[in-house]
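Student: What follows is a structure written as structure tokens; I'll ask about it next.
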Amino acid sequence: MLDFFKKSRQILGMNSRNLEFIRPFNLKRAKRLADDKLKSKKILQKNNLSVPKLITKISSHKELDNFDWQSLPNSFALKPNRGFGGEGILVVYGKKKGRDDTWVKANRSLVTIEDLKIHIRNILDGFFSLSGTPDIAFFEERLQLLKLFKPYSYRGIPDIRVLVFNKVPIMAMLRLPTKSSNGKANLQQGAIGLGIDMATGTTTTAVLGKNKIIDYVPKTRMLLSGIKIPYWKDILALAIKSQDVSGLGFLGADIAIDKVHGPVIIELNARPGLSIQIANLAGLKGRLKKISGLKIKTLARGMRVGIDLFGGEIEEELEEVSGKKVIGTIEKVKLISKEKNEIEISAKIDTGAGFSSIDTNLAKQLGFEKTVSEYEKLNIDYEKIKKLNSEERKELFKNIPDLADTIIVHSSHGTTYRPMIKIYLIMDNTKIPVTVSIIDRSNLKMPMIIGKRNLQRFLIDVTK
Amino acid sequence: MYYLHSLGIFISPSIHFFLQEGVPFDTIILILMLPIIATLIAFFGQVLGIKAFGIYTPLIVTFAFLATNGIKYGITIFVSIILIGMVMRFILKPFRLLYLPRVAIMLTAVAILTLGLLVFGGGLRRTGLAAVSIFPILIMITLVEKFVAVQIEKGNKAALILTLETLFISIIGFFIASSEPLIKLIALRPWVILLTIPLNILLGKWTGLRVSEYFRFREIFKYL
């Protein structure tokens, strides 16, 4: 019981967030800036932080009546200036074919000028604004979904929430829009929140909606952990700088990655939500306490502190969560020879190759001299063998000992026809049977490359 | 200390003074109950995490309950108003109206149907329902706007949860405000309501997790 209360002190609750963090660190002026999307866009832009480009704004009913609808591009996002929780945002992806006055939404439903007018009137009347006060509507360029995120998100753009306090990024979460959230990256509405390892920008744990811990994208076998978010350091830098610029001591920066422009800040949040803790399965208060006394002078230092304190251990966690091992691009592996001896070599991990291959000399060392020499005797080249059918090929190779298969490999050196053998490979303490092709690699650095076929049980960390 | 013969309770000199000035006893007690109910709502919000529709709505619904003849009529009216509000939103959705006119239509429907409810109550010889005075009914009709606003902002489920929370707090508030020992205590020692001030200061400085948050973050506890 005592332990339970001790643990509860690691978690940030509403009361504490409001009283101990928002009240003292987010002053009224800064809060007003964060609540005003146009103004924060302007200030961020002035400080060279990238934001989605503003197309135009409509601030009164009169402006709406005189608005030139043809000035709008084919795709755009229409937003309320003081909206919250992603409400009142309308995104169109293109014009309907052959129509000048109709756009198409992500769910393929149509939006006419009349629909836009009603939506904008609602915005102007303060329907979506924080306190119901009259508001401004604006159009901005539509962000384009990164290919990496495509399989994970439903009709919308995932965004990354980074919490920054005292120049230190303390926790981050990737939010994926889902069917039940209707394409919105909002956890309350049923989006998926993924915890992120601060050091590497790799996703860790996942929560669906408010409270459901999940491992896979619902109804698929797509693992949610281990997604490596590109531009991670840039994203952190963007979040920290935006804290500095906005004057918000306790900031939730919402950052999206555009296919063309890279990371852009879509929103500053002066009252960041607490669900980020569930996505990361970690408490915020413990982290906040750790850094509240630190004097941090530069933004770079802040980033380093965040990475050091709140990143790390991802690898073991990842291995635990995914059941896969993390390896680097060059890995020390052991091969087991015909005489059951282990030979240790360095192998190149090559996701561009389908099969693994080893050097001819290495194959000989492994006890396959006969296989190699017999194959070489046949003196086969690709052009010749191309004409044979599989029966004829079998006949040709039937006298070669230990030959598992043959394969045509198209590589940068041209097309080769190679013999294949079966051996055991030990990588990261895992023994796996592999079928490898044999080729002369004597002029190359590594005597072996390991291809996709044999990498299913591993995750590759290119920085390792 | 004075003895109030009509109710058979002891009252403090200040209450006696108010009565002599012509303020009705029920009104005095209702007004003095206000800070207590408000504190109760603050406690529910800050410590238990039951939010309801802010502080004003549950407070005024509590008083509406106190002013109806018996809480069952109050709850009946409350529930039917919310039900009508939900159905009306569904009906009005395809018309895609602006916010204010839409709420106006909703209120009209609620008003008419509430009237129908009273007539229906009369028909069933439930005269208690028909005898409910107009003000508590009006108060509860204003609930619809709160309900609709939350419904649009956070969806049906959230609005329904907040409504049930409001109903829950108001029912508890009703029983507290109509509890005889408490009325007797306030009549005898009206200054006790000042104790709500230090209590609220404590609540206002409370930074611990709310009871609801222990539930909300339950998954995290397994990993800490």
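Student: Do any of A:Lys338/A:Lys445; A:Lys46/A:Lys179; A:Lys39/B:Lys222; A:Lys364/A:Lys394 go past 31 Å between their Cα atoms, and which?
Tutor: Details: A:Lys338/A:Lys445 24 Å; A:Lys46/A:Lys179 37 Å; A:Lys39/B:Lys222 42 Å; A:Lys364/A:Lys394 23 Å.
Correct reply: A:Lys46/A:Lys179; A:Lys39/B:Lys222.
Student: Helix-only estimate, please: 222 nm mean residue ellipticity of chain A, summing -39500 (n - 2.57) across DSSP H runs of length 4 or more and dividing by its residues, to the nearest 500.
Tutor: The per-residue figure over chain A is -7000 deg cm²/dmol.
Student: Here's a follow-up. Which of the three applies to the stretch B:67-194, rounded, prolate or oblate, going by the alpha-carbon gyration tensor with a ≥ b ≥ c and a/c under 1.5 meaning rounded? Could you put the intermediate results ahead of the total?
Tutor: Details: a/c = 2.73, a/b = 1.56, b/c = 1.75.
Oblate, since a/c reaches 1.5 and b/c is not below a/b.
Student: In the protein assembly as shown, what percentage of the DSSP-assigned beta bridges are antiparallel, given to the nearest 5? It would help to have the intermediate numbers written out before the result.
Tutor: Working: 82 of 92 bridges.
Within the protein assembly as shown, antiparallel bridges account for around 90 percent of the total.
Student: Threshold 20 Å², probe 1.4 Å: give the residues of the stretch B:85-109, in number order, that are less accessible with all protein chains present than with their chain alone.
Tutor: B:Arg96, B:Leu98, B:Tyr99
Student: Return the percentage of antiparallel bridges among DSSP beta bridges fully within the stretch A:325-460, rounded to the nearest 5 %.
Tutor: 75 percent
Student: Out of the total accessible area of the stretch A:53-142 (probe 1.4 Å, heavy atoms of protein only), what percent is carbon and sulfur?
Tutor: The C+S portion of the solvent-accessible surface of the stretch A:53-142 is 49 percent.
Student: Please state the relative contact order of chain A as a whole percent: Cα pairs under 8 Å, 6+ residues apart?
Tutor: Relative contact order for chain A comes out at 14 percent.
Student: So which residue, out of B:Glu165, B:Glu145, B:Glu21, gets the largest mean-square fluctuation from a GNM of chain B using Cα contacts under 10 Å as springs?
Tutor: So, out of B:Glu165, B:Glu145, B:Glu21, the one fluctuating most is B:Glu21.
Student: Would you work out what percent of the accessible area of the stretch B:9-127, with all protein chains in place, is carbon or sulfur (probe 1.4 Å)? List each step's numbers first, then the result.
Tutor: Details: 4670 of 6200 Å².
In the stretch B:9-127, the share of accessible area belonging to carbon and sulfur is 75 percent.
Student: Then there's this: Between A:Phe127, A:Tyr216, A:Pro177, whose Cα lies farthest towards the positive end of the dipole of the stretch A:126-221 when Lys and Arg beta carbons carry +1 and Asp and Glu beta carbons carry -1, centred on the Cα centre?
Tutor: A:Tyr216
Student: Please build a GNM for chain B, connecting alpha carbons under 10 Å apart, and tell me which residue among B:Thr68, B:Thr196, B:Thr57 fluctuates the most.
Tutor: B:Thr196
Student: Let me ask you something else. Determine the residues within the stretch B:198-218 where the difference in accessible area between the chain on its own and the full set of protein chains amounts to at least 30 Å²; count protein heavy atoms only and use a 1.4 Å probe.
Tutor: B:Thr207, B:Leu209, B:Arg210, B:Glu213, B:Tyr214, B:Arg216, B:Phe217
Student: Still on this structure, I have one more. Counting only pairs 8 or more residues apart or on different chains, how many lysine pairs in the stretch A:53-142 have their Cα atoms under 18 Å apart?
Tutor: Final tally of qualifying lysine pairs is 12.
Student: Here's another thing I want to ask about it. Quick check: at a probe of 1.4 Å, how many percent of the accessible area of the stretch A:325-460 sits on carbon and sulfur atoms?
Tutor: 47 percent
Student: Here's another thing I want to ask about it. Helix-only mean residue ellipticity at 222 nm, chain B, DSSP H runs n ≥ 4 weighted -39,500 (n - 2.57), per residue, nearest 500. What is it?
Tutor: Working: 12 runs with 161 residues, N = 224.
Taking each H run of at least 4 residues, the total per residue is -23000 deg cm²/dmol.
Student: Among the lysines in the stretch B:2-198, how many pairs, 8 or more places apart or on different chains, have alpha carbons under 18 Å apart?
Tutor: Values: B:Lys51/B:Lys146; B:Lys51/B:Lys154; B:Lys51/B:Lys157; B:Lys93/B:Lys146; B:Lys93/B:Lys154; B:Lys93/B:Lys157; B:Lys146/B:Lys154; B:Lys146/B:Lys157.
For the stretch B:2-198, the number of qualifying lysine pairs is 8.
Student: For the stretch A:75-104, which residues drop by 10 square angstrom or more in accessible area between the chain on its own and all protein chains together (1.4 Å probe)?
Tutor: A:Phe84, A:Glu87
Student: Let me ask something else about it. Need one value for A:357-364: mean number of C-beta atoms belonging to other chains within 10 Å of its residues' C-beta atoms.
Tutor: Rounded to a whole number, the mean comes out at 0.
Student: If you don't mind, there's one more thing I want to ask. Measuring with a 1.4 Å probe in the full set of protein chains, what accessible area per residue, in whole Å², belongs to the stretch B:2-198?
Tutor: 53 Å²
Student: About the Cα centre, and with charges only on the beta carbon of Lys, Arg (+1) and Asp, Glu (-1), how big is the dipole of the stretch A:170-307? Nearest 20 debye, please.
Tutor: Details: 20 positive and 7 negative charges, 70 e Å.
So the dipole magnitude of the stretch A:170-307 works out to roughly 340 debye.
Student: On average, how many beta carbons from a partner chain sit within 10 Å of the beta carbon of a residue in B:182-193?
Tutor: Per-residue shielding by partner chains comes out at 0.
Student: Place a +1 charge on the Cβ of each Lys and Arg in the protein assembly as shown and a -1 charge on the Cβ of each Asp and Glu, then give the dipole magnitude about the Cα centre in debye, rounded to the nearest 20. Please report the intermediate quantities before stating the final value.
Tutor: Details: 96 positive and 58 negative charges, 83 e Å.
The calculated dipole for the protein assembly as shown is roughly 400 debye.
Student: Further, regarding this structure: How would you classify chain B from its alpha-carbon gyration tensor, with a ≥ b ≥ c the square roots of the eigenvalues: rounded for a/c under 1.5, else prolate if a/b is greater than b/c, otherwise oblate?
Tutor: Because a/c hits 1.5 or more and a/b fails to exceed b/c, chain B counts as oblate.
Student: Answer with one residue from B:Tyr2, B:Gly54, B:Asn69: the one whose Cα lies farthest towards the positive end of the charge dipole of the stretch B:1-110, charges on Cβ with Lys, Arg +1 and Asp, Glu -1.
Tutor: It is B:Gly54.
Student: So, one more: Summed for both chains, how many Å² of accessible area, to the nearest 100, are buried between B and A with a 1.4 Å probe? Can you show the working numbers first?
Tutor: Details: alone 13420 and 24160 Å², together 34990 Å².
So the buried area, both faces added, is about 2600 Å².
Student: Give me the dipole magnitude in Debye, nearest 20, for the stretch A:85-128 about the Cα centre, with unit charges on the beta carbon: positive for Lys and Arg, negative for Asp and Glu.
Tutor: On the way: 8 positive and 6 negative charges, 63 e Å.
Here the size comes out at about 300 debye.
Student: Straight-line reach only, C-alpha to C-alpha below 17 angstrom: list the lysines that A:Lys295 could link to, leaving out same-chain residues fewer than 8 apart.
Tutor: A:Lys167, A:Lys241
Student: Now for a separate question. Translational diffusion coefficient of the protein assembly as shown at 10 °C, 1.306 mPa s, Stokes-Einstein with Kirkwood Rh over Cα pairs, in µm²/s as a whole number.
Tutor: 52 µm²/s
Student: I've got another one for you. What does the net charge come to around A:Asp159 if you take all other residues with beta carbon closer than 12 Å to its beta carbon, with K and R at +1 and D and E at -1?
Tutor: Details: positive: A:Arg161, A:Arg175, A:Lys184; negative: A:Asp254, A:Asp258, A:Glu267.
Overall, the nearby charge balance is 0.
Student: Is there a simple number for the mean count of other chain Cβ atoms within 10 Å of the Cβ of residues in A:284-295, and what is it?
Tutor: Mean shielding by partner chains, rounded to a whole number: 0.
Student: Grab the beta carbon distance between A:Glu342 and A:Asn47, set R0 = 60 Å, and tell me the FRET efficiency rounded to 0.05.
Tutor: 0.55
Student: Further, regarding this structure: Is the stretch A:53-142 rounded, prolate or oblate when judged by the Cα gyration tensor, a ≥ b ≥ c being the square roots of its eigenvalues, rounded requiring a/c under 1.5 and prolate requiring a/b larger than b/c?
Tutor: Details: a/c = 1.89, a/b = 1.49, b/c = 1.27.
The shape class here is prolate.
Student: Put +1 on the Cβ of each Lys and Arg and -1 on the Cβ of each Asp and Glu in the protein assembly as shown; which of B:Ile161, A:Ile257, A:Leu2 then has its Cα farthest toward the positive end of the dipole?
Tutor: Positive-end residue among those listed: A:Ile257.
Student: Based only on Cα atoms, what Rg/Rh ratio does the stretch A:1-55 have, Rh being taken as Kirkwood's radius?
Tutor: 1.25
The values are calculated or read from the model by the stated rules, or taken from the named source; none is laboratory data. Given the structure is predicted, the values throughout are model-derived calculations rather than measurements. Here Cβ is always computed from backbone atoms with ideal geometry, including for glycine, and neighbour counts include all displayed protein chains. Only protein heavy atoms, including side chains, enter the accessible area calculation; ligands, DNA and RNA are left aside. Shrake-Rupley method; radii C 1.70, N 1.55, O 1.52, S 1.80 Å.
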